[in-house]
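Before any comments, here is the structure.
The values are calculated or read from the model by the stated rules, or taken from the named source; none is laboratory data. Because the structure is predicted, anything quoted here is derived from the model rather than measured. Quick reminder, even Gly has a Cβ in these numbers, built from the backbone with ideal geometry, and neighbours come from all protein chains shown. Quick note on the areas: whole protein, heavy atoms, side chains included, nothing else; ligands and nucleic acids left out. Shrake-Rupley method; radii C 1.70, N 1.55, O 1.52, S 1.80 Å.
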Amino acid sequence: MSEAATPPGSAPGTVFPPGFDPTAESVEKTLCFRGFWAWAVLILLIALGISLFMWLLRKCIQGPAYRKANRIDGKVVIVTGCNTGIGKETVLELAKRGARIYMACRDPGRCEAARLDIMDRSRNQQLFNRTLDLGSLQSVRNFVERFKAEESRLDILINNAGIMACPRTLTADGYEQQFGVNHLGHFLLTNLLLDRLKHSSPSRIVVVSSAAHLFGRINREDLMSEKNYGKFFGAYSQSKLANILFTRKLSTILKDTGVTVNCCHPGVVRTELNRHFAGPGWMKSVLQTGSLYFFKTPKAGAQTSLRLALDPKLEHSTGGYYSDCMWWPLVPWARNMQTADWLWRESEKLVGLPPLEPPPPGQSPTQNGNGTQNGAASGNGSGNGNGNANPASREMQSVETVVVNRS
Ligand SMILES: NC(=O)c1ccc[n+]([C@@H]2O[C@H](COP(=O)([O-])OP(=O)(O)OC[C@H]3O[C@@H](n4cnc5c(N)ncnc54)[C@H](OP(=O)(O)O)[C@@H]3O)[C@@H](O)[C@H]2O)c1
């Protein structure tokens with residue numbers, strides 16, 4: 001039987017296990033060894049904790065997905081600006097569910113590349129490449145004319161295309177680019193398609209807006225940002241607020257027609273939307289790298305549009321604002337119906353549509369809320385897309401040339 005050793009030099013009564021060498025060097029070695037493992041385990045636990053936190057954070061950032069498996073075989077859909085980003089992912093998912101989709105893009109080459117890619121991945125051949133430049137009212141009319149010649153129904157319209165924070169430029173009709181493309185182009189497109197949507201009811205309109213509307217105000221005195229141009233906090237956020245006010249007003253106009261209209265914020269998504277960002281190189285690199293982790297993927301960004309377009313539960317929901325697939329309350333200035341009414345009338349004049357409702361008392365049909373004439377932004381020198389520099393005559397011409405059926 002082995003006995004516990006009591007080595008010389010140790011405190012009297014101290015008993016060490018057999019084979020234990022309590023010399024200073026050996027104790028140090030043992031403690032070092034244990035310390036190493038303690039640190040290794042601690043570092044591993046911290047790394048695991050950080051990874052779990054980052055994974056959860058990333059999951060939260062990506063937001064919820066639309067998971068219902070309902071199909072929409074044969075339903076006719078138009079998606080604007082879908083050669084890339086959120087629009088392309090939206091089309092891909094709708095194509096997988098059997099829709100017949102008109103891809104409305106301004107660049108036919110890029111649209112064709114996206115169409116072929118989506119056809120490949122979805123095995124859906126019912127995709128069509130159509131040209132639509134929302135910065136040209138004539139292009140909008142041409143698109144609608146061709147679409148109507150091809151299709152007698154329209155089940156879902158997704159107003160997705162957008163442009164953000166570009167230098168101040170004008171549309172073909174002389175309007176500030178972001179307001180012109182994001183709001184006016186879609187305003188005309190939707191109005192010209194209302195007859196098809198009503199004919200196909202129950203049908204849906206989805207408007208892709210943005211949380212940027214929170215910073216926006218409708219500047220009645222300077223709608224085209226001529227006097228003061230802030231590319232993000234001015235023009236972009238105004239155009240995205242206009243998207244919401246348009247949705248709210250249209251939902252009242254379409255009451256009891258079986259056509260619903262809702263808008264959404266897709267989240268902060270890693271797409272080409274920031275292509276006009278003109279900051280210093282280092283900032284671009286930081287943004288690029290950060291966006292890989294902290295932004296939604298385009299697929300995740302498409303989920304709220306998809307829910308609004310597809311969810312059977314939302315068949316009767318209209319006039320709402322959604323984010324992360326959920327309904328969200330709006331700030332007072334985004335549900336101000338007086339501003340929505342004013343913007344609607346103003347937009348009708350700017351795109352050359354006859355008024356849907358009589359003007360408020362004391363205002364002539366050709367005056368805006370400030371008592372001035374409407375038309376292309378004055379002083380831009382570009383005139384309109386028809387080479388007609390007189391805004392008033394542009395308006396008259398547009399009213400005559402457009403074929404409106406909003407009954
Ligand atoms: N990404 C975000 O974080 C974010 C956040 C909030 C809201 N949104 C909104 O989400 C929508 C989709 O944006 P995205 O992020 O997918 O950006 P994107 O990748 O830049 O896609 C925008 C699409 O709009 C098209 N487009 C631009 N100008 C057009 C015009 N004049 N006529 C027709 N199409 C035009 C673009 O076509 P080209 O490729 O030919 O330019 C492109 O297909 C936009 O309405 C945007 O405001 C995005």
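What the table shows:
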{"quantity": "Check on Ile61, within 13 Å of the ligand (Cβ to nearest atom), hydrophobic (A, V, I, L, M, F, W, C) and open to solvent by 20 Å² or more (accessible area, probe 1.4 Å)", "calculated": "yes"}
{"quantity": "Pairs, first closer than 17 Å to Arg97 by Cβ in segment 109-121, second modelled with pLDDT of 95 or more and surrounded by fewer than 12 Cβ atoms within 10 Å (Cβ to Cβ), C-beta under 9 Å, six or more apart", "calculated": "Met119/Gln125"}
{"quantity": "Residues satisfying the stated conditions in segment 202-227, i.e. part of a loop (DSSP other than H, G, I, E, B), touching a strand residue (DSSP E or B) at 6+ places or on another chain (Cβ under 9 Å) and within 14 Å of the ligand (Cβ to nearest atom)", "calculated": "Ser209, Ser210"}
{"quantity": "Boolean, Leu194 is in contact (Cβ under 8 Å) with a residue 60 or more places away in the chain and outside any loop (DSSP other than H, G, I, E, B)", "calculated": "yes"}
{"quantity": "Single match in Ala165, Ala149 (criterion: surrounded by fewer than 24 Cβ atoms within 10 Å (Cβ to Cβ), out of contact with any Asp or Glu (no Cβ under 9 Å at 6 or more places or on another chain) and free of Cβ contacts under 8 Å to residues at least 12 places away in the same chain)", "calculated": "Ala149"}
{"quantity": "Tally of residues being within 14 Å of the ligand (Cβ to nearest atom), surrounded by fewer than 21 Cβ atoms within 10 Å (Cβ to Cβ) and not aromatic (Phe, Trp, Tyr) across segment 228-268", "calculated": "2"}
